[in-house]
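Just below is one structure, and these are the notes that go with it.
The values are calculated or read from the model by the stated rules, or taken from the named source; none is laboratory data. None of the values given here were measured: they were computed from a predicted structure. In this analysis, Cβ positions are derived from the backbone assuming ideal geometry, glycine residues included, and neighbour counts consider all displayed protein chains. The protein model used for the area step is the full one, side chains on, heavy atoms only, and it has no ligands, DNA or RNA in it. Shrake-Rupley method; radii C 1.70, N 1.55, O 1.52, S 1.80 Å.
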Amino acid sequence: MSAVSQFLEANARYASSFAKGDLAAPPTKRVAIVTCMDARLDPAKFLGLEEGDAHVIRNAGGRVTADVLRSLIISQQFLGTREILVIHHTDCGMLTFTDEQLRQRLREQFGVPADDWAFLPFTDLEQSVRDDIALIRRSPFIVPETTVTGWIYDVRTGKLLPVDQ
Ligand code: ZN
């Protein structure tokens, strides 16, 4: 059975008891979360989120890119969020390669230069969180009174640990 057919079965079960069709779009907790796409992270579960509670913006590493800032600005301007959590995690794949390694791999595999790509890997987990918080704070379009905190999720224990800023 393909993944899609499993998803459709799960969705049918979900929809059969669905009772949240009247939720408003603005997140009730006024929170936006930036985190990694790693399949072991389930922010709804490890933060106790329900539908309608928060924006969860995910990419490889949970890095603050131009597109993440785009989403944060929209989150704040149109949907009223005023708190941001940046959550990276232990054993992240972004700790395992360099830009040059991946560029070379792509060059060899596809025969096309990949020199313009920055994949944003990192070597220091806590520092990567601090760097991404700094990028948020440095944006002129983030509401100044926004609370921004940094965290590391431990994939072995399920615990969220604070990153000192
Ligand atoms: Zn990761």
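A few remarks follow.
- Rounded percent of accessible protein surface that carbon and sulfur make up, the chain, 1.4 Å probe: 56
- Taking a ≥ b ≥ c as the square roots of the eigenvalues of the alpha-carbon gyration tensor, region 1-81 is classed oblate because a/c is 1.5 or more while a/b is no larger than b/c.
- Loop-located chymotrypsin sites (Phe, Trp or Tyr not before Pro) in region 65-127 whose Cβ has at most 15 other Cβ within 10 Å (DSSP): Phe97, Trp117
- Over the chain: helical MRE at 222 nm, DSSP H runs n ≥ 4 each giving -39500 (n - 2.57), nearest 500: -11000 deg cm²/dmol
- Antiparallel DSSP beta bridges within the chain, as percent of all bridges there, nearest 5: 15
- Between Phe46 and Lys29, the modelled labels are 1.3 nm apart [label points 7 Å from Cα along Cα→Cβ].
- Stretch gain in nm, segment Trp117-Ala19, where the contour uses 0.36 nm per residue and the Cα spacing is subtracted: 30.9 nm
- Peptides 80-86, 90-96, 103-109 ordered by packing proxy, namely the average of other Cβ atoms within 10 Å per residue, highest first: 80-86, 90-96, 103-109.
- Per residue solvent-accessible surface (Å²) - the chain, probe of 1.4 Å: 62
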